[in-house]
1. Are there any pairs with C-beta distances below 6 angstrom linking a residue in region 63-78 that is within 16 Å of TYR121 (Cβ to Cβ) and open to solvent by 70 Å² or more (accessible area, probe 1.4 Å) to a residue that is charged (D, E, K, R) and outside any helix (DSSP H, G or I), with the two at least 6 apart or on different chains, and if so which?
2. How many residues does region 279-290 contain that are of a type in the set (S, T, N, Q) and assigned to a strand (DSSP E or B)?
3. I want to confirm something. Restricting to region 80-121 and keeping residues that are without any contact (Cβ under 8 Å) to a residue 60 or more places away in the chain and of a type in the set (Lys, Arg), which single residue is least open to solvent (accessible area, probe 1.4 Å)?
4. Can you list the helices (runs of 4 or more DSSP H) found entirely within region 24-139 that contain at least 3 residues being farther than 30 Å from ILE231 by Cβ?
5. Filter region 1-20 for residues that are modelled with pLDDT under 95 and assigned to a loop (DSSP other than H, G, I, E, B) and give the result.
6. Given the conditions (1) surrounded by fewer than 17 Cβ atoms within 10 Å (Cβ to Cβ); (2) touching an Asp or Glu at 6+ places or on another chain (Cβ under 6 Å), and given that LYS282 satisfies all but one, which numbered condition is not satisfied?
7. Tally up the residues in region 309-336 that are surrounded by fewer than 17 Cβ atoms within 10 Å (Cβ to Cβ) and not in a helix (DSSP H, G or I), please.
8. Could you figure out which of (1) assigned to a loop (DSSP other than H, G, I, E, B); (2) touching a residue at least 40 places away in the same chain (Cβ under 8 Å); (3) open to solvent by 30 Å² or more (accessible area, probe 1.4 Å) isn't true of PRO306?
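The values are calculated or read from the model by the stated rules, or taken from the named source; none is laboratory data. Computed from a prediction, not measured in an experiment: that's the story for all the values here. Cβ: placed from backbone, ideal geometry, glycine included. Neighbour counts: every protein chain shown. These area figures cover heavy atoms from the full protein model, side chains too; ligands, DNA and RNA do not enter into them. Shrake-Rupley method; radii C 1.70, N 1.55, O 1.52, S 1.80 Å.
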Amino acid sequence: MRILIDIGHPGHVHLFKNFAHEMQKKGHEFLFTCREKEFEIELLKTAGLRFVSFGKKYNTTLGKLFGLLKFDVLEIIQGLKFRPDVFMSHGSPYAAHASAILRKPHISMEDSGNWEQMRLYLPFTSCVLTPDVLFEDLGEKQIRYQSYHELAYLHPKYFNATGNYNSILKLSPNDKYVILRFVSWNASHDKGQKGFSEKEKSKIIDYLASRYKIFITSEGYLPKKYNQYKIKISPEEIHEVLAGAEFFIGEGATMAAESGVLGTPSIYVNSIRRSYNEDQEKYGLVFNFQNEKGVLEKIKEIEKIPDLKKTFAKRRQKLLKNKINLTAFLVWFVENYPQSKKVIFDNPKIQFEYK
């Protein structure tokens, strides 16, 4: 089988990399396509995956419209060259449109529920795999599974922290640190949304800096006064340092969820609700705020929890018992497609064979 996967975000590389490696062991061939947003290319190279870059993304409304046409054409060209049996993506309109023109199935992953994006790809998509907790009903094409995207790469089968995080961050063994994440608000689904104000951001950073080492990862411009805190590590090391952090605070839903499944206390601050983060709140792993109000108080509340890391490790284990190994499920589903689509509709419980 020949599979073309389009990547739209660094997190999508993590989502598909173990699936690609497992399928390659079985003799299947892969090509990844991407645009340059943050660390996609570095992550693809590190994972040893064959890829083609289409260049920089566009941030303006006019640029995005032009990009839709440009990247559609480039995706079709790569499809003609690679001749895939199936296209895959996390909600990529380019993969969906190319698959329709080349008359191949497009299997999409979806956990965000952004309708402005889904309108562009759903009509051209064969099926959509989503976490069972996703708020949105996507109709007859939707297949729900009991897991999160983050467990495709942070499941214990694929990732276990080495405990080397202080060395990576060049800290003393007893130093405690926190990770903060700020987003750029340039994505289409970010329009009209908000997280921290600059005033509250400064207040929280000042509080944390008096108690911990601080490391900031930022999607966009970072004010000069925070440059001293900017994290300087290889992109593939981020999950190791998230695992060792006292806690995570940020506007990025993916990194908040990653911290949660790693057993690190996580505070997500964004007016955009994410179903997987709210599900993790039921396990006491992620705390969701639609604005900055109450965040500092929550930080102080978390600090009072005895044996913080052990407590959250137990909460993580409880979560893992209730979720499937998403990568193993994907391997079965894609390798047996399209028959697997009928099987899972007829017997949804078959997914629990992949724990």
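1. Note: no pairs meet the criteria.
2. Of the residues in that region, 1 qualify.
3. Checking each candidate, the answer is LYS104.
4. So the answer is 61-82, 93-101, 115-121.
5. GLY8, HIS9
6. Of the numbered conditions (1) surrounded by fewer than 17 Cβ atoms within 10 Å (Cβ to Cβ); (2) touching an Asp or Glu at 6+ places or on another chain (Cβ under 6 Å), the odd one out for LYS282 is (2).
7. Within region 309-336, residues that are surrounded by fewer than 17 Cβ atoms within 10 Å (Cβ to Cβ) and not in a helix (DSSP H, G or I) number 2.
8. Among (1) assigned to a loop (DSSP other than H, G, I, E, B); (2) touching a residue at least 40 places away in the same chain (Cβ under 8 Å); (3) open to solvent by 30 Å² or more (accessible area, probe 1.4 Å), PRO306 violates only (2).
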